[in-house]
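Here's the structure, in structure tokens; my notes come after.
The values are calculated or read from the model by the stated rules, or taken from the named source; none is laboratory data. Keep in mind the model is a prediction, meaning the values are calculated, not measured. Note: ideal-geometry Cβ built from the backbone for every residue, glycine included; neighbour counts use all protein chains shown. Note: accessible area is taken over every heavy atom of the protein model, side chains too, but ligands, DNA and RNA are not part of it. Shrake-Rupley method; radii C 1.70, N 1.55, O 1.52, S 1.80 Å.
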Amino acid sequence: QVQLVESGGGLVQAGGSLRLSCEVSLGTYTGFGVGWWRQAPGKEREFVASISRTTGLTRYSGSVKGRFTISRDNVKETVFLQMNGLKAEDTGVYYCAVARTAVVVRTTPDHWGQGTEVTVSS
């Protein structure tokens, strides 16, 4: 059974930093792509960043590239999202997600975590 547990959200001032964590437990599911998505109030959920659990290859949305960094610790089965230079428009619920490939996790993940809330005050 797939379990994705996010943590690290909170309230931060604009320009500040947060580090999100996602503990990944896949059971019998074979998933090599892990990603972060977010949903702002009143908006659709959008892709933020992805990483391949095997190659470490990363991808970012244009709105966060250069400010956010996704990384993995395969020993601890944890994926991180380091968020620097936060802006008010980064506010939302951040979700960890998995898919069979790092390409698919950017469009149609198979499993989602429960989300962690990030609020950036301006």
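Miscellaneous remarks
- Per residue, the chain exposes 51 Å² of accessible surface when a 1.4 Å probe is rolled over the protein heavy atoms with every protein chain present.
- Normalised radius of gyration (Cα atoms, divided by 2.2 N^0.38 Å) for the chain: 0.97.
- Only Cα pairs under 8 Å and 6+ residues apart enter the sum, and on that basis the relative contact order of the chain stands at 35 percent.
- The residues packed around Gly27, meaning those with a beta-carbon under 15 Å from its beta-carbon, carry a net charge of -1 if Lys and Arg are +1 and Asp and Glu are -1.
- Cα-centred dipole magnitude for the chain, charges only on beta-carbon of K, R (+1) and D, E (-1), debye, nearest 20: 340 debye
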